[in-house]
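Have a look at the structure below before the remarks.
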Amino acid sequence: KTLAGTFFHAPVLGGIEVLEDALVEIDTAGRITTVTRSSDPHHDDARNAASRAGTLVTLPAGSYVIPGFVDLHIHAPQYPQLGKALHVPLEIWLRHTFPLEARYADAAFAQKVYKTLVADLLASGTTTALYFATIHQEATRLLVDTCLEQGQRALVGKVAMDNPQECPDFYRDASTEAGLQGTRALLDYVRAHPANEGGLVHPVVTPRFVPSCTDAMLEGLGVIAKETGCHVQTHCSESDWEHGYVLARHGVTDAECLDRFGLLTRRSILAHANLITASDMARIAARGAGIAHCPLSNAYFSNAVFPLRAALAKGVRVGLGTDISGGPSASMLDACRWAVAASRMLESGVDPALPPETRGRPSSRIDIRDAFHLATAAGADALDLPVGRFAPGYHFDAVRVDTVAPNGTIRLFDELDAPEDVLAKIVYTASRANLAEVWVAGRRVAGAG
Ligand code: GUN
Ligand code: FE
């Protein structure tokens, strides 16, 4: 089919591209084959040809299409806890979280939560999610099945956590061997899944974080990552407690420790990374690993704001994450908003008792266009997935934003709002009612046409 309408995307940091009255042609596999701008001499011919073929879909007035969001860090089992237990630091919060995650030994409970979560995320415009599941094999398989059924692009990891010092008896891998075997079993399951021929879902090697894993576990997971070439995800230098724990146990930072175990690769995504050092940053950039910046969660659990601009300047691949339920919003729009707010606080400083010139860190702020880039194209790039842009060869994962939806929250004033303002208003002020239609690989997965 060929969609006719106005498209916004942000292929590179620092700017957006407006494809006004463009045509985006999508093949039966859900890949974009051509993008024709209104200024293109072939535009009218292409439009007429699609119209004659009966494949032209003209978007309603007031609608704009943006790439679907890539959530680089989300804990699927924590969804029932969204908005709860945010008054305590990370190490105490985990004591609330482990009993909840332990419940996923019950497959029926897992099924119920995961169906709700995936539907809600799709309706919120999250077309790709990098998920932590739990330690359980069956429940993790159910998350994979749910993503395939509902059509969400996803990367799913069975959480590995075997360290009896940091994990409770009721919630940890039965043994190091069992955790490694469970990881391998999930890889096999995803890769052989009959509904996954198109490669919508990928398996992920998932050490929860260094404290929760024995050295034997980290070593074994590093071997699996190397042998299979699959993605890796973990938490990195999130809070003072966690960062200090790794320094005390290994004598090095998280990034260096992960590197020693073969877990810092071009396929790795590190959640948070707030407290990384300059040499960590250079190491992460050199390995080509990505960072999931989770500004809302960081407001609660980290003891610092992630130095986003510094990381981008060093060439680190960064995207955004919600960190459900460390962050109490499932919406990547909120992640964009908080990324801007956090960067401004880092730049200006927050303690009014300090003299203004000593408060903040200069040149730290980003704007909403940068945040939109991070939430779409940059997140996709960090995963090496061909999504997040409107260009030939990319999967059509997209959201139709209806700026005139009666229950929506976007208010445009035509005489004042240039196209860039429209995008800024979409990212800052849209609510779920404005997200009229969501596609993954060309298939409608939420909303109505
Ligand atoms: N560190 C280890 N586990 C977790 C988790 O579930 N959430 C967050 N934010 N940090 C963690
Ligand atoms: Fe997390």
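Placing dummy labels 7 Å off each Cα toward the beta-carbon, the span from Gln165 to Leu13 is 3.7 nm. A simple rule links phi to the HN-Hα coupling: the Karplus curve 6.51 cos²θ - 1.76 cosθ + 1.60 with θ = phi - 60°, which for segment 292-298 gives 9, 7, 10, x, 6, 4, 5 Hz, with x for Gly and Pro.
Each part gets one Cα centre, and for segment 375-421 versus segment 1-78 those centres are 9 Å apart.
Computed about the Cα centre, the dipole magnitude for segment 20-163 is approximately 400 debye when only Lys and Arg (+1) and Asp and Glu (-1) carry charge, each at its Cβ. Helical runs (DSSP H, four residues minimum) scored at -39500 (n - 2.57) apiece and divided by the length of the chain put the mean residue ellipticity at 222 nm at -11500 deg cm²/dmol. Sorted on the mean count of surrounding Cβ atoms within 10 Å across their residues, most packed first, peptides 241-250, 135-144 read 135-144, 241-250. Taking the fewest neighbouring Cβ atoms within 10 Å as the starting point, the ordered list for Thr409, Thr28 is Thr28, Thr409. Peptides 191-203, 396-408 ranked from most to least packed by the mean count of surrounding Cβ atoms within 10 Å: 396-408, 191-203. In terms of packing, defined here as the mean over residues of other Cβ atoms within 10 angstrom, the peptides 220-233, 118-131 line up highest first as 118-131, 220-233.
As a rough footprinting exposure proxy, the listed residues Val113, Val18 were ranked by other beta carbons within 10 Å of their own, and the order from fewest upward is Val18, Val113. Checking the Cα-Cα distances for Lys84/Lys112; Lys1/Lys115; Lys158/Lys226; Lys158/Lys314; Lys115/Lys158 against a 22 Å cut-off, the pairs over it are Lys1/Lys115; Lys158/Lys314. Cβ crowding within 10 Å, taken as a proxy for footprinting-reagent exposure, orders Glu420, Glu256, Glu101, Glu415 from fewest neighbours to most as Glu415, Glu420, Glu256, Glu101. Across the chain, C-alpha contacts under 8 Å between residues 6 or more apart give a mean separation that, scaled by the residue count, equals a relative contact order of 20 percent.
On full extension, the segment bounded by Val350 and Thr33 gains 109.3 nm, given 0.36 nm per residue less the C-alpha separation.
Read-outs throughout are calculated quantities, based only on the coordinates presented, and are distinct from any laboratory measurement. Nothing here was measured: the structure is a model prediction, and the numbers come from that model. For neighbour counting, all protein chains shown are included, and Cβ atoms are generated from backbone atoms with ideal geometry for every residue, glycine included.
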